[in-house]
Amino acid sequence: MKLQSSLSLEQDHNQSEVILGAVPEYTSLETVAQEEIVKEPFQFSTLAEGKLLFNAHPQTVAEYLDDHQGWFGRCAAPMKVRPISKNGYALIIGQFGAFGYNVEPKVGLEMQPQLQGIYTINSIAVSDDVDLGYEVDFRSSMELVEAVDRVSEEGRMTYAQWTLDLKVKVYFPHFIHALPQGLIQKTGDRLLAQIVRQVSHCLNHKILKDFHQTYNRSFPRQPRN
């Protein structure tokens, strides 16, 4: 299984790769006839959580996060971002594949206005979506809390504690279903978890860097996740 990724912090997205095994040439959705797609999907899922530390008061962090039109596009790069509403974005993550089957995942995300320091992000439909061969159910939550166990010379600090519940249904062509179902399930869950780890690491790092540069604050040592 090969995972080709555009999410490396240091490498160009056309060069960055994570190799999980060997596969033949990819077969893209565009080359698979619709009648070859099996109607019953496989569902893959993963759960993730983490904690970020900001060198600022929770109110300052909230002001930054509320202005997602300013930071989201530049922090998500090299992923492609297109605004589709006031709080919604179409996000193209990169190219990923396994067993000779290749997709370029695109997901619509809506950032809900904060409610008492709690932010939620949910998946939404993208208006120009065609039959992509997959469905994404993205549910994320993040809460800002004052870091009572940490302090800096610049004042109070803030933890951002986040969780993600991600489910993806994939409609594979018949040739994939010829493989053992247990192998497909295990490989898909592993690949999804790998994507989430890589995306969250990249995005979180860029958000922290962008915030502390924007507010001219020293970058704090991050907690272990």
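The values are calculated or read from the model by the stated rules, or taken from the named source; none is laboratory data. As the structure is a computational prediction, the values presented were derived from the model and not from experiment. Note: ideal-geometry Cβ built from the backbone for every residue, glycine included; neighbour counts use all protein chains shown. Ligands, DNA and RNA are stripped out before the accessible areas are found, and what is left, the full protein with its side chains, is counted by its heavy atoms. Shrake-Rupley method; radii C 1.70, N 1.55, O 1.52, S 1.80 Å.
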**Request:** At least 1 residues that are touching a Phe, Trp or Tyr at 6+ places or on another chain (Cβ under 8 Å) and modelled with pLDDT under 80 in each: list the strands (runs of 3 or more DSSP E) lying fully within region 14-106 that qualify.
**Result:** 96-98, 101-103
**Prompt:** Restricting attention to region 132-140, does a residue exist that is at pLDDT 90 or above and open to solvent by 80 Å² or more (accessible area, probe 1.4 Å)?
**Reply:** yes
**Message:** Looking at region 121-132, can you tell me whether even one residue there is in contact (Cβ under 8 Å) with a residue 60 or more places away in the chain and more than 14 Å from LEU164 (Cα to Cα)?
**Reply:** yes
**Message:** Here is a list: ILE92, ILE118. Which entry is open to solvent by 30 Å² or more (accessible area, probe 1.4 Å) and closer than 30 Å to ILE184 by Cα?
**Reply:** ILE92
**Prompt:** When the residues of region 202-213 are filtered to those that are touching a residue at least 40 places away in the same chain (Cβ under 8 Å) and surrounded by fewer than 19 Cβ atoms within 10 Å (Cβ to Cβ), which remaining residue is farthest from GLN43 (Cα to Cα)?
**Reply:** HIS212
**Prompt:** So which residues in region 151-184 are of a type outside the set (A, V, I, L, M, F, W, C) and open to solvent by less than 60 Å² (accessible area, probe 1.4 Å)?
**Reply:** SER152, GLY155, THR158, TYR159, ASP165, TYR171, PRO173, HIS177, GLY182
**Item:** Any pair with Cβ under 7 angstrom, 6 or more apart, that starts in region 165-187 at a residue that is farther than 11 Å from PRO41 by Cα and assigned to a loop (DSSP other than H, G, I, E, B) and ends at one that is among the aliphatic types (A, V, I, L, M) and open to solvent by less than 20 Å² (accessible area, probe 1.4 Å)
**Value:** none
**Request:** Working only within region 61-83, note down all residues that are within 23 Å of VAL196 (Cα to Cα), surrounded by 15 or more Cβ atoms within 10 Å (Cβ to Cβ) and of a type outside the set (D, E, K, R).
**Result:** LEU65, HIS68, TRP71, PHE72, GLY73, CYS75, ALA76, PRO78, MET79, VAL81
**Request:** Please list, ordered by first then second residue, the pairs with beta carbon atoms under 6 Å, 6 or more apart or interchain, first in region 76-90 and within 13 Å of ASN122 (Cβ to Cβ) and polar (S, T, N, Q), second at pLDDT 95 or above and part of a strand (DSSP E or B).
**Result:** ASN87/GLU110; ASN87/MET111
